[in-house]
Amino acid sequence: MPDTAAAVAEHPPGAAVGQSPGSGFAPLLRVVRNQGLLERRRDWYAFTITVNALFLTAIVTGVVLLGDTWWTTLLAPPLAVFSARTAFMGHDVGHSQITAGKRAGRLIGLLHGNLLLGMSYGWWNDKHNRHHANPNHSRSRPHRLVPRRPQLPDRTSPVPEHAPAPSEARPAAGTGTLSGASWVSPMRKPDSSTPTGRP
């Protein structure tokens, strides 16, 4: 097995001295392909999907047979493990690692994503492929569902003169005013100086 680091660092045979060798990805891709690491492993996936389905069926059967009892919580850890494995299978089929055909891949993705995980496989696949098209570009990340957090002010700048003192800025923790009515947090024991808002 050739050394991957050496293969990536090697200069292409046709390049002139002093000429840039180009992307470091191409030699690495060549090494990975030559070692057969990109070939589809259909038998392994068929076995893994079957085992995963059998365990998920056993867990759901256990929940049904145990009924309305706290003992069903013992099935939560294995359910979490096999649900994660289901998500990994959906991820791999989304990258076309399981099947060469789009129809079979979409069927496996729909079974794993939509049926078993309750997540839209088509939505996830589109979003995930756009994510891979823009790696390390924070402004182009399609998976960002919430808006970017606003920048906080620079804490090294001087405090304006009109800013209230920290003790005046907000009431003590656990007490405050809500629409003009006083309230006390149920987690804090009221003292005699704190109005409770009750008659």
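Label-to-label distance for F25 and W70 is 5.4 nm, based on points extended 7 Å past Cα in the beta-carbon direction.
With a cut-off of 9 Å between beta carbons, the residues surrounding I98 carry a summed charge of +2, where Lys and Arg count +1 and Asp and Glu -1. Of the peptides 34-46, 54-66, the ranking by mean beta-carbon count within 10 Å, highest at the top, reads 54-66, 34-46.
Which residues does the label zone of A80 cover in segment 115-129, counting backbone N under 19 Å from a point 7 Å along Cα→Cβ? In segment 115-129, the label zone of A80 (backbone N under 19 Å from the point 7 Å along Cα→Cβ) covers 117-118. Maximal additional length on extending the R40-R103 stretch stands at 21.1 nm, based on 0.36 nm per residue less the C-alpha distance.
Since every read-out is calculated from the coordinates, none of them should be taken as a lab result. Bear in mind that the values here come from a model prediction, so they are computed numbers and not experimental data. When we count neighbours, we look across all protein chains shown, and the Cβ atoms used for this are built from the backbone with ideal geometry, even at glycine.
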